[in-house]
Amino acid sequence: MRLIAEKLGGERGGEPVFDDINFQVEPGEGLIVTGANGSGKSTLLRIVAGLLPASSGAIRFEAADAEEFPSVAAASHYLGHGNAMKTALSVEENLKFWQEFHGSTHLGIDEAIEMVGLPEVASLPYGYLSTGQKRRISIAKLLVSYRPIWLLDEPTAGLDKASETQFAALMRAHLDDGGIIVAATHIPLGLEGVQHLTMTGQR
Amino acid sequence: MLALFLRDLRLGIRAGGGALVGVLFFLAVVAVVPFGVGPDLNLLARIGPAILWIGALLASLLGLDRLFQDDREDGTLDLLILSESRHMLALTVLVKCLAHWVAAVLPLVIASPLLGLFMNMEPLGIAATSLTLLVGTPAIAFIGAVGAAVAVALPRGGLLVSVLVLPLAIPVLIFGVSAAYGAVNDPNPFLPPFLILCALTMFFLVLGPLAAAMALKAGAD
């Protein structure tokens, strides 16, 4: 399994945001994308996921098991700015839905909620949680079904110090498991031994 | 897929889902007509099926614009699009349409016999109108999905969705009402317009989700 970007260029609303981005990530490796606001970190992640077309260059994905994961999108968990959870449903119902929809069950619901340290909120409506708690439940969504690639866009937005450390440990465990992480952030994630890519933007 | 259906159904029925709003609107539209046209019972019975159909059409357009908008705002839509290789996006859209129909439109069909009494319709006419509504309203949901997908990125897309959807829903209205008339007025046939109505629903069952899926994919940003 390998994720490769070759001379990748992206644009937003017809304006080029970046071009000539190259990287190669192997199993067990992480890539931290940093850069100023508007330098195209989120756009890069969305292009890698396949939500946006690349304006030039290409993303190549060599899967170990092309049958199960034919494309980057199929092999990825994408954690965007939104948490993709419904406020009217309980935490458990939300996670259960994503587990059933995504398939490839990994951890149990209870276990995943335990991993992000929020066992007491499982039956509460998602809308009752604080911003940080919402983010942590959204992180638990990465654990309930298995995907080798995690695409994380500002994953620690709203998290406190302890949760950041906890999340760093979860990411470490995913990498040790042979997974790939591509994370866009401007806060250090506390992840050692990973590649760094600094987006400079076009201006 | 079943999980998605159940989730959308729950969201539609729980607080804030707005399933009852449609029924209330339907009730309001049908209840004011006798005041407007006067107490001529024969006239009311004659225009009854048409009023029920127009009321149901307008009521089912309510809330249609939210079909994908909530999912887009909280990021769910991105994940639905990314799951394309496991769940074809058109199927995902179809399941969402069906859940929307069960939560928001089926109550209208169930309420329509009661509202038919308001219009002094005879039992056969009421039964025929309810049956045509049952068969015809899914088509409106499938057509509406296309409008909702096109307008998903617009913050106030509600009216635009209705304007986009109405011209396409007109054939459904025409054949629905003419089948309902045919059941009570003797020379007019019931079966041919009813079968065309079934055909329209099946046609849009395929075309609507496919077109909506294409619009959603093209609109991702």
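General observations
- Taken as a whole, the condition of being within 14 Å of another protein chain (Cβ to nearest Cβ), under 26 Å from B:Arg86 (Cα atoms), surrounded by fewer than 21 Cβ atoms within 10 Å (Cβ to Cβ) and among the polar types (S, T, N, Q) applies to A:Ser71.
- Boolean, A:Arg136 is within 11 Å of another protein chain (Cβ to nearest Cβ) and under 16 Å from the mean Cα position of the chain (by Cα): no
- Qualifying positions in region A:95-125 - at the interface with chain B (Cβ under 10 Å from one of its Cβ atoms) and either of a type outside the set (D, E, K, R) or touching an Asp or Glu at 6+ places or on another chain (Cβ under 6 Å) (or both): A:Phe97, A:Trp98, A:Gln99, A:Phe101, A:His102, A:Gly103, A:Ser104, A:Pro125
- Considered as a group, the residues in region B:85-116 that are modelled with pLDDT under 90 and not small (Gly, Ala, Ser) include one that is nearest to B:Met1 (Cα to Cα), and that residue is B:His87.
- Test result for B:Ser60, of a type in the set (Gly, Ala, Ser), within 12 Å of another protein chain (Cβ to nearest Cβ) and under 19 Å from B:Ala145 (Cβ atoms): no
- Count of region B:166-185 residues which are buried (at least 23 other Cβ atoms within 10 Å of the Cβ) and under 12 Å from the mean Cα position of the chain (by Cα): 2
- Region A:78-94, residues that are in contact (Cβ under 8 Å) with a residue 40 or more places away in the chain and more than 9 Å from every other protein chain (Cβ to nearest Cβ): A:Val91
- Annotation note: of B:Leu82, B:Leu64, the sole residue that is within 23 Å of A:Gly82 (Cα to Cα) and modelled with pLDDT under 90 is B:Leu64.
- Residues of region A:134-189 that turn out to be touching a residue at least 24 places away in the same chain (Cβ under 8 Å), among the basic types (Lys, Arg) and assigned to a helix (DSSP H, G or I), as a count: 4
- Of the candidates B:Ala149, B:Ala145, the single residue that is of a type in the set (A, V, I, L, M), crowded, with 22+ Cβ neighbours inside 10 Å, under 21 Å from B:Ala218 (Cβ atoms) and touching a Cys at 6+ places or on another chain (Cβ under 6 Å) is B:Ala145.
- Residue in region B:17-28 that is farther than 27 Å from B:Met119 by Cα, within 11 Å of chain A (Cβ to nearest Cβ) and of a type outside the set (D, E, K, R) present: yes
- Hits in region A:49-65 - residues which are away from every other protein chain (no Cβ under 11 Å) and either closer than 18 Å to A:Pro148 by Cβ or of a type in the set (Val, Ile, Thr) (or both): A:Ile59, A:Arg60, A:Phe61, A:Glu62, A:Ala63, A:Ala64, A:Asp65
- Residue in region B:118-132 that is more than 19 Å from B:Ile54 (Cα to Cα) and polar (S, T, N, Q) present: no
- Condition met for B:Leu77 (over 17 Å from the mean Cα position of the chain (by Cα), within 14 Å of another protein chain (Cβ to nearest Cβ) and surrounded by fewer than 22 Cβ atoms within 10 Å (Cβ to Cβ)): no
- The residues in region A:9-28 that are more than 15 Å from A:Lys41 (Cβ to Cβ) and touching a helix residue (DSSP H, G or I) at 6+ places or on another chain (Cβ under 7 Å) can be counted, and the count is 1.
The values are calculated or read from the model by the stated rules, or taken from the named source; none is laboratory data. If you're wondering where the values come from, they're calculated on a predicted model, not measured in any experiment. Please note: Cβ atoms are built from the backbone with ideal geometry, for glycine as well, and neighbour counts cover all protein chains shown.
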